[in-house]
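Colleague: Structure incoming, see below.
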Amino acid sequence: MDQFVVPQFIDVEDKIFGPVTSRQFVILLVAGLILFVAFKLADFALFIFMLATFGSFALILAFVKINGQSFHYFLLNLFQTLRRPSRRVWYKSNTKEELEELRKSGKVEVMEKIPEIPRLSYNRIRDLSLAVNTGGYYKPEE
């Protein structure tokens, strides 16, 4: 039988130099280019403001992990949860009289009543369990 090498540590990103990964390097490079353009084109007060905002956001995006996942995945999950919450709430809007009017007008079909399933007693359940466990050798008194 052939043996294959199973890759391990697939969730660890490759390091470019030191502790910096390629994703972190690209984020810091883009933020650095934006800040360089701001330094050349904007006045000093705007540059300081952009340095504080873009620089801090780039550092957070590159290095912060929440619950073991990167910050950009956390932001993605946050936006998806805010856009589409998983809790569903049903608000009843029709009254009983309105439902009766709909039923009489023929727009709503009336369902037949489902026959009630008889409840099994504890003794009956125990007898069935014994019959299943013994492979049919146990015969409950019927």
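Read-outs: derived from the displayed coordinates by stated rules, not from any lab. This is a predicted model, so every value here is computed, not measured. Note: ideal-geometry Cβ built from the backbone for every residue, glycine included; neighbour counts use all protein chains shown.
Colleague: Looking for whichever is loosely packed, with under 10 Cβ neighbours inside 10 Å and β-branched (Val, Ile, Thr) here; the options are Val20, Val12, Val30. Which one fits?
Modeller: One residue alone meets the criteria, Val12.
Colleague: List pairs: first residue in region 5-31 and in contact (Cβ under 8 Å) with a residue 24 or more places away in the chain, second residue of a type in the set (D, E, K, R) anywhere in the structure, Cβ distance under 8 angstrom, at least six positions apart or on different chains.
Modeller: Arg23/Glu13
Colleague: Restricting the search to region 14-51, which residues are basic (Lys, Arg) and either in contact with a His (Cβ under 6 Å, 6 or more places away or on another chain) or in a strand (DSSP E or B) (or both)?
Modeller: Selection gives Lys15 alone.
Colleague: I've got another one for you. Would it be correct to say that Phe44 is surrounded by 13 or more Cβ atoms within 10 Å (Cβ to Cβ) and at negative phi?
Modeller: no
Colleague: Moving to a separate point now. Could you tell me whether Leu51 is exposed (fewer than 12 other Cβ atoms within 10 Å of the Cβ) and hydrophobic (A, V, I, L, M, F, W, C)?
Modeller: no
Colleague: Sticking with this one: Only helices (runs of 4 or more DSSP H) wholly contained in region 56-142 count here; list those with 2 or more residues that are touching a helix residue (DSSP H, G or I) at 6+ places or on another chain (Cβ under 9 Å) and surrounded by 10 or more Cβ atoms within 10 Å (Cβ to Cβ).
Modeller: Ranges flagged: 71-83.
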